[in-house]
Structure formats: structure tokens, C-alpha cells
Protein chains: 2
Amino acid sequence: MESKDLRKAGLKVTLPRMKILEILEAADDQRHFSAEDVYKQLLEAGEDIGLATVYRVLTQFETADLVMRHHFESGHSVFELNRGPHHDHILCVRCGKVDEFVDETIERRQREIAENSGYRMTDHSLYIYGICEACQSKE
Amino acid sequence: MESKDLRKAGLKVTLPRMKILEILEAADDQRHFSAEDVYKQLLEAGEDIGLATVYRVLTQFETADLVMRHHFESGHSVFELNRGPHHDHILCVRCGKVDEFVDETIERRQREIAENSGYRMTDHSLYIYGICEACQSKE
DNA sequence: ATAGGAATGAGAAGCTTTTTCATCTGATCG
DNA sequence: CGATCAGATGAAAAAGCTTCTCATTCCTAT
């Protein structure tokens with residue numbers, strides 16, 4: 001992901017946008033960021049970028065299909081860099097852990113259901129909530 | 001749905017709670033309400049019930065499993081009376097229409113995925129977004 | 001380098017939702 | 001049936017999260 005991806009999306013290549021992209025890419029462990037998460041990491045990195053800009057940029061990235069916005073049950077948006085194939089999420093309601101999965105059976109059924117209901121499907125979201133292995137063993 | 005359902009849930013049978021239940025049940029066409037929706041209907045019905053109470057009561061109903069809270073992409077919670085079998089939702093992104101469906105294949109796969117990922121599944125949410133038949137024909 | 005339009009930062013404002021606290025109501029017991 | 005008291009309510013304040021405003025700054029094309 002680099003400056004040409006921004007250009008392609010019709011976005012000027014600015015320092016805030018590059019820095020935010022970097023953070024989303026760094027993601028050793030974390031791949032799902034709230035706006036606040038990104039903002040905090042920018043502060044830690046010594047970047048003087050406002051929270052309003054973070055929101056603006058993330059929204060533009062979403063429009064440009066560079067990131068995907070999720071609506072988990074947490075009450076705020078969570079952003080994820082758009083790379084690799086489509087996948088859905090399974091979340092731990094105790095610790096907040098997020099795992100990903102792909103299931104072609106479910107994907108196919110969804111398309112069939114949309115078709116049978118007369119809808120032209122544009123998108124879908126599937127979240128499975130549960131208690132992860134680690135949290136179960138703590139009980 | 002009546003007072004004994006409230007008692008069973010450990011909730012006192014109060015006027016606000018009964019009125020809110022009535023509104024959720026009335027639902028000739030609508031079955032999905034935001035807190036604001038419920039509040040407006042209470043006002044129209046001449047009931048002097050505060051918005052804070054609506055939120056409180058809906059949250060209690062959710063805890064008591066009387067209603068289900070949905071997180072559509074609209075940015076606010078939507079509540080639905082818990083009756084009939086479990087179902088998922090397909091929504092029109094143009095007009096906001098909400099349809100329901102049940103698909104045992106998807107249900108089963110979800111349980112399998114949770115199990116394979118080491119999760120004890122507590123819940124799941126599946127929303128299909130698309131453009132409904134009526135909106136397609138307007139294009 | 002320069003000009004002009006786009007982008008940014010800071011703070012205000014907007015929305016949804018929750019909290020606070022004084023007042024009121026409904027269940028229980030006499 | 002009336003007193004009692006925990007629990008419920010209303011109004012307003014406050015708390016998130018997110019967007020908007022506007023003066024200033026930064027890119028890009030010239």
C-alpha cells in the first residue's frame with residue numbers, strides 16, 4: 001500500500017494519510033482499529049495529527065475501498081485494511097479477541113437468499129460472538 | 001406479552017413498561033424500533049414518558065430476553081420484540097426496508113465454525129444488505 | 001518558486017445513549 | 001385498605017463517538 005494507491009483513489013498524498021496507512025499496515029497483532037486506536041498510535045509515534053483528521057481519513061479510505069468499516073457491538077466503528085480475500089469475523093465477548101474465517105457455504109447461501117428475496121445484494125456482515133478458548137479456561 | 005412476563009423477568013409492572021410493550025406489540029407493519037421511534041409513539045399516544053426511561057426499559061427488556069437489540073449500519077440501536085423463531089435480516093440500503101429469513105444451513109455452519117475456532121458461541125448476527133425489488137425498479 | 005484548491009487542526013457542535021438525583025409509584029405487610 | 005420502602009421515573013446534565021466549521025497550512029501543477 002503506497003502513495004499511488006492514494007492517488008488512484010483521487011486523494012492527495014499527504015502526511016496524515018500516509019501515516020495512517022502505515023499504522024493500519026504495521027498491525028503485527030492487531031488488524032482492527034477504532035479511530036481512537038489509530039489516534040493514540042499517532043500520538044505515540046509523535047505525530048501531531050488531530051482526531052478529526054483520523055475520522056475524515058478513515059471515512060475517505062472506506063469510500064475508496066482501502067479499508068472496511070465494521071459495526072461490532074461495541075458502539076463504535078472499527079476499521080480494517082482491505083487486503084486479502086473477503087472474510088467474516090468471530091469475536092470473544094469477554095476479551096475482545098477477533099478471529100477471521102471464510103466459509104464458502106455461507107457465502108453461497110447468502111447470495112441465494114438475497115436472490116430469492118428479490119434483493120440485489122450489495123454487502124453483508126456476519127459476526128459470531130462467543131467465548132474464546134483462553135477465556136473459557138479462566139472460568 | 002403481559003404483566004406476568006415482566007414479573008418473571010424480575011421487573012415491576014409499571015405504566016411505562018406496559019406502554020412500551022404495547023407499542024412493540026402493536027407493530028402492524030413495523031417490527032424494528034429505535035428508542036426514538038418508541039419515544040415518538042409514546043408522545044403521540046399522549047403518554048408522558050421520558051426518553052431516558054425508554055432507553056432504560058429497552059435495555060432491561062433486552063437483558064430479560066424480551067427484546068433483541070440489533071446493530072444495523074444506521075449508527076443507533078434497533079429493537080425488536082422477541083417472538084417467533086430466531087431469524088436473520090436482509091435490509092434495503094435505499095429505503096430501509098427490513099425482511100427476515102431463516103436458513104438452517106447457515107445456522108449449522110456458524111455453530112461448526114465457532115466450534116472449530118475454539119469458541120463457545122453465545123450469539124451471532126447476520127445482516128445482508130442490498131437493494132430491494134421496489135427500489136431496483138425505480139432505477 | 002508560486003498560486004490555488006484541497007487538506008488539516010482545534011474546538012464547537014451533533015447525536016445517541018447513560019447517569020444523576022430528587023420525586024413518585026407499585027408491591028408487600030399489617 | 002393504608003403505610004412503608006425499595007425500585008422506577010423524569011428532567012437535565014453528562015458522557016461517548018463522530019462530524020462540522022473555519023482559519024491556517026500543505027500538495028500539486030504550473
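Summary of computed values
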| read-out | value |
| --- | --- |
| Candidate set from region A:25-56 (those that are among the small types (G, A, S) and in contact with a helix residue (DSSP H, G or I) (Cβ under 9 Å, 6 or more places away or on another chain)); member that is farthest from DNA strand C (Cβ to nearest atom) | A:A26 |
| Candidate set: region A:24-41, residues that are more than 10 Å from DNA strand D (Cβ to nearest atom) and in a loop (DSSP other than H, G, I, E, B); chosen: the one farthest from A:S77 (Cα to Cα) | A:D28 |
| Filter pass, B:D5 being within 13 Å of DNA strand C (Cβ to nearest atom) and touching a residue at least 60 places away in the same chain (Cβ under 8 Å) | yes |
| Residue list for region B:21-31, filter: surrounded by 19 or more Cβ atoms within 10 Å (Cβ to Cβ) and touching a residue at least 40 places away in the same chain (Cβ under 8 Å) | B:L21, B:L24 |
| Hey, A:L11 open to solvent by less than 40 Å² (accessible area, probe 1.4 Å) and modelled with pLDDT of 90 or more or not | yes |
| Members of region A:8-23 found to be near DNA strand C (Cβ under 9 Å from one of its atoms), within 18 Å of A:T63 (Cβ to Cβ) and assigned to a helix (DSSP H, G or I), listed by number | A:P16, A:R17, A:M18, A:I20 |
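Condition check ((1) closer than 20 Å to A:L6 by Cβ; (2) touching a Phe, Trp or Tyr at 6+ places or on another chain (Cβ under 6 Å); (3) at pLDDT 95 or above; (4) open to solvent by 20 Å² or more (accessible area, probe 1.4 Å)) across all residues:
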position: A:A35; (1), (2), (3), (4): yes, yes, yes, no
position: A:G50; (1), (2), (3), (4): yes, no, yes, yes
position: A:T59; (1), (2), (3), (4): yes, no, yes, yes
position: A:G75; (1), (2), (3), (4): no, no, no, yes
position: A:G96; (1), (2), (3), (4): no, no, no, yes
position: A:E104; (1), (2), (3), (4): no, no, yes, yes
position: A:R109; (1), (2), (3), (4): no, no, yes, yes
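The values are calculated or read from the model by the stated rules, or taken from the named source; none is laboratory data. These figures come from a predicted structure and were not determined experimentally. Cβ: placed from backbone, ideal geometry, glycine included. Neighbour counts: every protein chain shown. Ligands, DNA and RNA are stripped out before the accessible areas are found, and what is left, the full protein with its side chains, is counted by its heavy atoms. Shrake-Rupley method; radii C 1.70, N 1.55, O 1.52, S 1.80 Å.
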